[in-house]
Amino acid sequence: MANRNLSKAKKAKNDEFYTQLNDILKEMNAYLEYNPDVFRGKTVFCPCDDPEWSNFTRYFAQSFDLLGLKKLICTSFAADSNPYNDYYQPSLFETESPQYDPTKTRSKGKLFILTQDKNKDGKIDIDDLEWEYLQGDGDFRSEEVKPFRDEADFIITNPPFSLFREFLAWVTEANKQFSVIGSKNAITYKEIFPLIKDNRIWTGSSSFNTDMLFISPEPINPNDKPDTATRTVDGVVYLRSPAIWFTNIEHGRRHEPIPFMDMRKNLKYNRKIRENETAYKKYDNYNAIEVPITKAIPSDYDGVMGVPISFLDKYCPEQFEIVGMAQRECHNEFPDTKKYDGYVQMKSNGEVEGSNGKKIDEAPVIEGKIEGKTYYQNEQGRIVSSLYMRIFIRFKR
Ligand SMILES: C[S@@+](CC[C@H](N)C(=O)[O-])C[C@H]1O[C@@H](n2cnc3c(N)ncnc32)[C@H](O)[C@@H]1O
């Protein structure tokens with residue numbers, strides 16, 4: 001029981017990372033660079049955001065006039081519904097308002113609306129936010145919050161990490177434009193990859209290559225061993241997370257084709273490819289070749305290629321078509337896929353792994369035994385080695 005509570009608290013804590021203003025600015029600027037009027041006359045909804053701690057609320061409130069917004073709606077989640085609520089203190093913004101109610105502050109969600117220059121100081125900004133308690137706790141899944149989603153043109157936030165699948169389904173079912181932060185791993189979710197494949201959603205403009213730093217809601221005791229990589233700058237604790245943006249808002253970077261080298265030049269000039277015994281080999285179970293590094297995609301190959309998921313950082317839909325993925329139920333859609341019912345995992349000493357032999361999954365495999373890779377044997381004694389998860393792509397000619 002204690003363990004269960006601990007893991008619940010840990011999960012809730014991971015749901016509580018706050019996004020830095022600079023990360024929001026960079027991403028939104030990429031949309032604005034592509035279309036300076038992208039938000040003009042539009043309603044933006046931030047459904048996990050309170051002005052006390054959300055830089056999403058701050059960004060859109062402070063840029064209201066500049067972006068030409070019609071309306072900003074934010075809702076926040078009640079402290080009592082959040083297992084990670086130890087640090088909750090009502091803000092001055094709340095306690096100094098005439099509608100402050102100590103019986104509701106912990107149990108009710110809040111609604112914040114910005115539409116007009118309420119204080120008549122000549123500009124619309126955070127000082128003009130109007131707010132009230134919601135009837136319920138502000139759960140984005142509640143019937144009370146849904147109409148705000150339906151009213152909005154854009155849904156933009158960093159949602160709770162543990163509810164990401166549900167959150168994205170909630171956004172896409174409403175057919176809205178959105179930009180949300182999620183784990184890189186979410187690319188491979190069976191609910192998400194097909195949307196990426198069909199170009200209905202894509203990754204944001206911020207690069208994959210560096211993890212994002214989020215603001216920790218609590219001070220971290222230097223004597224505690226943190227369970228997440230942390231960095232303290234000027235007394236603020238940042239938590240590192242391999243997070244990226246998922247969006248269906250256009251930005252320029254995804255329309256920039258990359259000038260790749262052909263296979264011969266890659267083999268000549270790219271030592272990592274020359275020394276990689278799997279590079280450009282045909283998979284045994286997919287009708288495609290292995291490309292272990294996105295940079296080494298051979299420009300003269302017309303067939304299907306298996307590339308790391310970080311390829312999406314360079315994906316230009318005018319240059320490539322995504323045809324599938326090597327796991328998570330996207331496997332069966334792939335043309336000419338072999339089934340591996342007879343293959344069992346082997347230990348390095350040649351014994352079968354597990355009592356009856358662990359069956360192969362959908363990972364791409366290459367004929368032969370490759371050092372450091374899991375390998376499998378079929379009934380006829382043929383050996384294959386499994387590689388990392390791959391996305392399958394081909395050039396659009
Ligand atoms: C990862 S944090 C990000 C907060 C803020 N959007 C930001 O980027 O700084 C996710 C937030 O969602 C809230 N939350 C958790 N479960 C929720 C739910 N079911 N409905 C709405 N908000 C929720 C958490 O309290 C937390 O503040």
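So that you can scan it fast, the table gives a plain yes or no per residue for (1) in a loop (DSSP other than H, G, I, E, B); (2) over 27 Å from the mean Cα position of the chain (by Cα); (3) closer than 22 Å to I181 by Cβ:
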position: E52; (1), (2), (3): yes, no, yes
position: R58; (1), (2), (3): no, no, yes
position: A61; (1), (2), (3): no, no, yes
position: D65; (1), (2), (3): no, yes, no
position: L69; (1), (2), (3): yes, no, yes
position: P83; (1), (2), (3): yes, no, yes
position: P90; (1), (2), (3): yes, yes, no
position: F93; (1), (2), (3): no, yes, no
Failed item in (1) away from the ligand (no atom under 14 Å from the Cβ); (2) touching a helix residue (DSSP H, G or I) at 6+ places or on another chain (Cβ under 7 Å), with A152 passing the rest: (2)
When residues of segment 117-135 are limited to those that are touching a residue at least 40 places away in the same chain (Cβ under 8 Å) and of a type outside the set (D, E), the one surrounded by the fewest Cβ atoms within 10 Å (Cβ to Cβ): K123
Candidate set: segment 52-72, residues that are within 15 Å of the ligand (Cβ to nearest atom) and in contact with a strand residue (DSSP E or B) (Cβ under 6 Å, 6 or more places away or on another chain); chosen: the one nearest to P217 (Cα to Cα): W53
Yes/no for V171 being buried (at least 17 other Cβ atoms within 10 Å of the Cβ), under 27 Å from S310 (Cα atoms), over 13 Å from the mean Cα position of the chain (by Cα) and assigned by TED's automatic domain parsing to the domain that holds L32: yes
The lone exception for V237 - which of (1) free of Cβ contacts under 8 Å to residues at least 24 places away in the same chain; (2) in a loop (DSSP other than H, G, I, E, B) it fails: (2)
Any hit, segment 191-198, residues being surrounded by 14 or more Cβ atoms within 10 Å (Cβ to Cβ), within 14 Å of the ligand (Cβ to nearest atom) and in contact (Cβ under 8 Å) with a residue 12 or more places away in the chain: no
Scope segment 244-292; condition crowded, with 18+ Cβ neighbours inside 10 Å, modelled with pLDDT of 95 or more and among the aliphatic types (A, V, I, L, M); matching residues: I244, I249, M261, M263, I273, A279, I289, V291
Yes/no for T75 being in a helix (DSSP H, G or I), within 16 Å of the ligand (Cβ to nearest atom) and either in contact (Cβ under 8 Å) with a residue 40 or more places away in the chain or of a type in the set (V, I, T) (or both): no
Selection within segment 21-51 - within 16 Å of the ligand (Cβ to nearest atom) and either surrounded by fewer than 16 Cβ atoms within 10 Å (Cβ to Cβ) or not assigned by TED's automatic domain parsing to the domain that holds V180 (or both): L21, N22, L25, K26
Selection count, segment 293-331, where residues are polar (S, T, N, Q) and at pLDDT 95 or above: 3
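The values are calculated or read from the model by the stated rules, or taken from the named source; none is laboratory data. Because the structure is predicted, anything quoted here is derived from the model rather than measured. Every residue, glycine among them, receives a Cβ derived from its backbone with ideal geometry; neighbour counts consider all protein chains shown.
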